[in-house]
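Participant: Shown below is the structure under consideration.
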Amino acid sequence: MVICGSVLRLFPACRQAGLYPKLYTLRMSVLELTNDNFQQEVLNSPTPVLVDFWAPWCAPCKIMGPVIDVMAEGWSGKPIKFAKLDVDQHPQTAGGYKVMSIPTFLLFSNGAVAGMWRGIQDKNSWTQEINAAL
């Protein structure tokens, strides 16, 4: 569960996404990835996939989690999928893509990395960058 509240003064991404002060859990529109389903859901996907590499203890990850949820719901029906991979539970996949800091976001298209972002992202400019990478 992610709490987006008192950190708003420090991290405007929550405020910009309209997330104050709500509790969030992983939404159905965001896929939960594992080492076992990564190949099928991401690399073999005919649709581009934005993967959030995160961990439950990571404060910036907790801030970006609700932003990913909002983006996934806002892009519902469009040719992109949103997914999350817990790097503590699935280090093999994260290590395979040289994820050294979190949150890291990789955009996959046709099985290859088409874009990469690290840290807290502004939703509006990030949306433009993702559209450009597609």
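The values are calculated or read from the model by the stated rules, or taken from the named source; none is laboratory data. Model, not experiment: these values are computed from the prediction. Note that each Cβ is placed from the backbone with ideal geometry, even for glycine, and that neighbours are counted across all protein chains shown.
Participant: If the requirement is being farther than 17 Å from ALA133 by Cβ and not basic (Lys, Arg), which of these qualifies: ILE68, ILE63, ILE80?
Facilitator: After ruling out the rest, the residue left standing is ILE63.
Participant: Taking region 100-134 as the region of interest, how many residues are within 18 Å of ASN37 (Cα to Cα) and either of a type in the set (A, V, I, L, M) or over 14 Å from the mean Cα position of the chain (by Cα) (or both)?
Facilitator: Looking only at that region, the number is 7.
Participant: If you don't mind, another one. Restricting the first residue to region 39-50 and requiring it to be under 10 Å from PHE108 (Cβ atoms) and touching a residue at least 24 places away in the same chain (Cβ under 8 Å), which pairs with a second residue that is hydroxyl-bearing (Ser, Thr, Tyr) and surrounded by fewer than 19 Cβ atoms within 10 Å (Cβ to Cβ) meet a Cβ separation below 6 Å and a spacing of at least six or different chains?
Facilitator: From region 39-50, the pairs are PRO48/SER109.
Participant: Does VAL113 meet the test of being of a type in the set (Val, Ile, Thr), part of a loop (DSSP other than H, G, I, E, B) and touching a Leu at 6+ places or on another chain (Cβ under 9 Å)?
Facilitator: In short, no.
Participant: Related question: If LEU85 satisfies all but one of (1) over 18 Å from GLN39 (Cα atoms); (2) crowded, with 18+ Cβ neighbours inside 10 Å; (3) at pLDDT 95 or above, what's the number of the condition it fails?
Facilitator: Single failed check for LEU85: (1).
Participant: If you don't mind, another one. Pick out, from region 22-107, the strands (runs of 3 or more DSSP E) lying fully within it that include 2 or more residues that are under 16 Å from ARG118 (Cα atoms).
Facilitator: On the way: elements: 22-24, 30-33, 49-54, 81-86.
Correct list: 49-54, 81-86.
Participant: Of the numbered conditions (1) farther than 24 Å from LYS123 by Cα; (2) loosely packed, with under 15 Cβ neighbours inside 10 Å, PHE38 satisfies every one except a single condition; which is it?
Facilitator: If we test PHE38 against (1) farther than 24 Å from LYS123 by Cα; (2) loosely packed, with under 15 Cβ neighbours inside 10 Å, just (2) comes out false.
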